[in-house]
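K.L.:
One structure is given below, represented as structure tokens, and several questions about it will come after.
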Amino acid sequence: MRAAILLMCAGAAAELAVLITVIVTAGSVRAAVARRYPGLPAAHAVNVNLVTDYIGASIGIAVWLVLIWALIRGRDRARIALMADFGAMSLSMIIAIGQDSAAYAPADLIAGAVEWLIALAGPSSCSPGRPAATTARNPGQ
């Protein structure tokens, strides 16, 4: 259980790193898109996408913290929520790759991939054979 909590803390830290990366690289993303697609509509679309990323990453940090809280409290639903969160992250990564993020925002994509890998390891570290409350009460097992 301790490993799961540490992984989830790493996930929250990775989400914070994603938010910082998106903020720091916003100018280069705008410049890359402006070079490729000159004109106002492309710039507006990038700004909308960046704001969406800021909001999404902030919500992601809150979700990680709630999942950590639920796992510490021994809530069995934390595993299910973690798997749902992983599914949402997977969908987000597929969309990002489909929008050519590797060309315009490679650092953002790499930071997101690191977080995705952490989330991938999360459900397996929650001892799927036993309820979370049992694991929390018996940390030696």
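K.L.:
Taking F86 and the conditions (1) on the phi > 0 side of the Ramachandran plot; (2) modelled with pLDDT of 85 or more, which numbered condition does it fall short on, given that it satisfies the others?
P.N.:
Evaluating F86 over (1) on the phi > 0 side of the Ramachandran plot; (2) modelled with pLDDT of 85 or more leaves (1) as the failure.
K.L.:
Only one residue in V51, V63, V24, V46 is on the phi < 0 side of the Ramachandran plot and touching a Phe, Trp or Tyr at 6+ places or on another chain (Cβ under 9 Å), so which one is that?
P.N.:
Step by step, each of V51, V63, V24, V46 is checked, and only V46 is on the phi < 0 side of the Ramachandran plot and touching a Phe, Trp or Tyr at 6+ places or on another chain (Cβ under 9 Å).
K.L.:
Please go through segment 4-48 and pick out each residue that is closer than 15 Å to S101 by Cβ and under 16 Å from the mean Cα position of the chain (by Cα).
P.N.:
Across segment 4-48, the qualifying residues are V18, T21, V22.
K.L.:
Does G87 fit the bill of being small (G, A, S) and exposed (fewer than 14 other Cβ atoms within 10 Å of the Cβ)?
P.N.:
Yes, satisfied.
K.L.:
Sticking with this structure for a sec: Cβ-Cβ below 6 Å, separation at least six or inter-chain, first residue in segment 71-93 and closer than 15 Å to L117 by Cβ, second among the β-branched types (V, I, T): which pairs?
P.N.:
If the second residue must be among the β-branched types (V, I, T), the pairs left are D85/V63.
The values are calculated or read from the model by the stated rules, or taken from the named source; none is laboratory data. All figures in this text were calculated on a predicted structure; none of them were measured in a lab. Please note: Cβ atoms are built from the backbone with ideal geometry, for glycine as well, and neighbour counts cover all protein chains shown.
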